[in-house]
Amino acid sequence: MQLDKIIDDIEQSYHQYDNISKIDTIPQPDKTIILDILSRLQDIVFPGFFGRKNLKSEVVKYYLGDQIQIIYDELEKQILLAFDYSEKYQNFSKEEKKAEAEKITLEFLKRIPSIREYLSTDADATFDGDPAAFSISEIVITYPGYYAIMVNRIAHELHLLNVPLIPRIMTEHAHSLTGIDIHPGATLGRYLMIDHGTGIVIGETTIIGEHVKIYQGVTLGATSTHGGQSLKNVKRHPTIKDHVTIYSNASVLGGETVIGEGSIIGGNTFITKSIPAGTVVNNKAVMRFKYSEKSEDFKQGNF
């Protein structure tokens with residue numbers, strides 16, 4: 001039968017292209033479970049917004065306890081599975097992997113108050129910077145840029161704890177929902193605002209300071225990735241200092257590129273060299289001003 005031949009050919013391709021086959025191999029983390037963990041984390045980071053509504057103060061601790069226990073149990077299991085996808089843990093015994101997974105899970109959960117602190121500043125920055133926003137609640141519930149930041153702040157902590165695979169599953173989920181691609185390795189400072197957001201790309205080794213605004217279509221990327229794996233652990237993406245605004249469709253590229261404090265990067269610009277503090281860059285001119293947060297020109301945008 002023709003179907004028998006088709007089945008044989010497909011099976012043969014499994015052996016021929018075994019780099020994209022997983023047959024007779026080790027288990028891998030379960031994406032569905034990881035996304036459920038992410039949803040539960042969102043629930044406890046923003047109590048009363050998601051998951052259980054009308055949450056009362058007298059039951060918060062009990063509800064939080066249930067959620068944390070579930071997250072702890074499931075995340076520890078998924079981290080343990082993820083260890084098999086990293087060279088770092090190849091020489092660990094089964095018992096050592098188990099102990100390390102427990103340790104990492106507990107350390108991550110300890111960081112949730114800090115994650116909430118950063119997200120509180122991001123919500124304030126977004127509300128202050130967007131005259132179309134009616135409330136902080138609107139931002140938390142509906143803004144895709146804020147959701148992408150939230151997922152990155154969670155995934156980044158797991159990344160810092162050397163958890164393989166899981167942080168990327170989380171950030172790529174956010175990418176698929178929002179069109180905003182932030183690598184979990186990227187470092188995001190407080191008071192970050194992402195407006196509109198669609199098409200934004202922020203690379204692994206990007207460092208973003210505080211009070212930064214980024215608009216749709218911005219790329220914070222590498223000048224070239226032709227070196228492939230040889231570029232691993234090399235800073236390939238730019239550093240953005242405090243109080244920088246980057247307007248839509250601008251590209252800022254390169255690991256040595258630093259955008260100085262208080263600078264304004266105009267839309268559709270292409271930057272591969274460092275920009276001094278207090279610089280306005282657009283397609284027609286590069287202008288310098290004496291940067292100060294207290295400057296009336298800076299406050300009003302009169303450049």
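The values are calculated or read from the model by the stated rules, or taken from the named source; none is laboratory data. The model shown is predicted, which means the values in this text are computed figures rather than measured ones. Using ideal geometry, Cβ is built from the backbone for each residue, glycine included, and neighbour counts are taken over all protein chains shown. Protein only, heavy atoms only, side chains kept; ligands, DNA and RNA dropped before computing areas. Shrake-Rupley method; radii C 1.70, N 1.55, O 1.52, S 1.80 Å.
The label point for Ser224 and the one for Ile6, both projected 7 Å from the Cα toward the Cβ, are 4.6 nm apart.
If the cut-off is 25 Å between C-alpha atoms, which lysines fall inside it for Lys77, apart from same-chain ones fewer than 8 positions away? Qualifying lysines at Cα under 25 Å: Lys22, Lys31, Lys61, Lys88, Lys94, Lys97, Lys98, Lys103, Lys110.
Among the listed values [x] 138; [y] 194; [z] 129, the one matching volume of the Cα convex hull per residue in Å³ as calculated from this structure is [y]. Distance between the modelled labels on Asp18 and Lys232, one decimal in nanometres: 2.1 nm (7 Å Cα→Cβ projection).
Computed with every protein chain present, the accessible area of Phe270 is close to 150 Å² [probe 1.4 Å]. When both region 1-77 and region 134-194 are represented by their alpha-carbon centers, they are found 17 Å apart.
Peptides 236-246, 133-143 ranked from most to least packed give 236-246, 133-143, packing being the mean of other C-beta atoms within 10 angstrom over each peptide's residues.
Which of Leu177, Leu158, Tyr143 sits farthest toward the positive end of the charge dipole of region 115-183, with +1 on the Cβ of Lys and Arg and -1 on the Cβ of Asp and Glu? Checking the options against the dipole of region 115-183, the answer is Leu158.
Summing +1 for each Lys or Arg and -1 for each Asp or Glu among the other residues whose beta-carbon sits under 15 angstrom from that of Ser251 gives +1. Evaluating 6.51 cos²θ - 1.76 cosθ + 1.60 at θ = phi - 60° for every residue in region 25-40, the Karplus couplings come out as 10, 5, x, 10, x, 8, 4, 4, 5, 4, 5, 5, 4, 4, 5, 5 Hz, glycine and proline recorded as x. Distances between placed amide hydrogens fall under 5 Å for Ala222 paired with Gly254, all partners being 5 or more residues away or on another chain.
The listed residues Lys284, Lys98, Lys110, once ranked by accessible area (1.4 Å probe) with the largest placed first, stand as Lys284, Lys110, Lys98.
Computed from the Cβ-Cβ distance with R0 of 25 Å, the FRET efficiency linking Glu102 to Thr32 stands at 0.65. Available extension along the chain between Lys94 and Leu161 is 22.2 nm, counting 0.36 nm per residue and deducting the alpha carbon span.
Taken one residue at a time, the phi angles of region 73-78 give Karplus couplings (6.51, -1.76, 1.60, θ = phi - 60°) of 4, 6, 5, 4, 5, 5 Hz. Gly and Pro are set to x. Relative to the current alpha-carbon distance between Asp128 and Lys110, full extension at 0.36 nm per residue lengthens the span by 3.5 nm. The lysines within cross-link reach of Lys273, meaning a Cα-to-Cα straight distance under 18 Å and a gap of 8 or more places when in the same chain, are Lys235, Lys241, Lys284.
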